[in-house]
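First the structure, in the form of structure tokens, and then the observations on it.
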Amino acid sequence: MSPYLLSALLLTLFIPSSAQDYYSSTYQYRPVSLGITFSPNMGWLRYGDTEGYSSSPKFGYAYGLLADFAFTENYYFSTGLLINTINSTAKYPDPVSSAPNVYTTNNYRLQYAEIPISLKLKSTMRYFRSYYGQFGFTGGVKLNAKEKEEHASARTSMGSSADFLRLALQIGGGIEWQLDHNLVMMTGLSFNNGFTQAVKNGEPRNSYVAFNFGIFF
């Protein structure tokens, strides 16, 4: 057989198999995935049975690192390190005025360094996407806390008026999109429900809903 004919035959067999692998509708999972994230959120305060206090939501954001460690193809331990800013507005009886039905408004900006710990369940990757759901906890420590009263010109530090530690339950889900063999984009939605006191005034807990965007490399 001519060496040119043999080479052409080998190329004909090799190229289709390589192309089929690259454009395959399924991908092998990786035992460890590291990535970055940016997550805008909508946060508010929960006062429970405390009378006269109410809260309205405000936009905040989180950013940082993510890490997924695989138990099997569909079960993962998910963690990371996030810098999370939760903003909210509170309305409560004016502590200076003795007249009834006189309220003041305060804007809070609380920033935490958080470590999420959750179980992440993924469907098998097909047609360049997989679906996931996750449930777990987040633990954070206060980095900064400021407030701005209704008629104040600038924000002031809250000091010990904001609690140092924040613990919460988190549940969420979304889609992971395979962009390349080593590049995955994550989009999702999560609800984070704090169960520790956020600030001393009124003793509220803070919660938020986040839109999660991330890239795993």
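For the reader, a short list of remarks on this structure follows.
- Residue within segment 127-134 that is closer than 20 Å to S161 by Cα and touching a Ser or Thr at 6+ places or on another chain (Cβ under 7 Å) present: no
- Lone qualifier among N193, N206, N182, N201 - being modelled with pLDDT under 95 and touching a strand residue (DSSP E or B) at 6+ places or on another chain (Cβ under 8 Å): N201
- Among the residues of segment 184-204, those that are assigned to a strand (DSSP E or B) and crowded, with 19+ Cβ neighbours inside 10 Å comprise V184, M186, G188, S190, N192, G194, V199.
- Looking across segment 153-173, the residues that are outside any strand (DSSP E or B) and open to solvent by less than 40 Å² (accessible area, probe 1.4 Å) come down to M158, G159, D163.
- Residue match in segment 132-150 (condition: out of contact with any Phe, Trp or Tyr (no Cβ under 6 Å at 6 or more places or on another chain), outside any strand (DSSP E or B), within 25 Å of L66 (Cβ to Cβ) and open to solvent by 40 Å² or more (accessible area, probe 1.4 Å)): no
- Scanning segment 111-130 for residues that are in contact with a Leu (Cβ under 9 Å, 6 or more places away or on another chain) and not polar (S, T, N, Q), we see that the one that is modelled with the lowest pLDDT is F128.
The values are calculated or read from the model by the stated rules, or taken from the named source; none is laboratory data. This structure is a prediction, so every number in the text was calculated from the model and none was measured. Cβ coordinates were reconstructed from backbone atoms using ideal geometry, including for glycine residues, and neighbour counts include every protein chain displayed. For accessibility, only protein heavy atoms count, side chains too; no ligands or nucleic acids. Shrake-Rupley method; radii C 1.70, N 1.55, O 1.52, S 1.80 Å.
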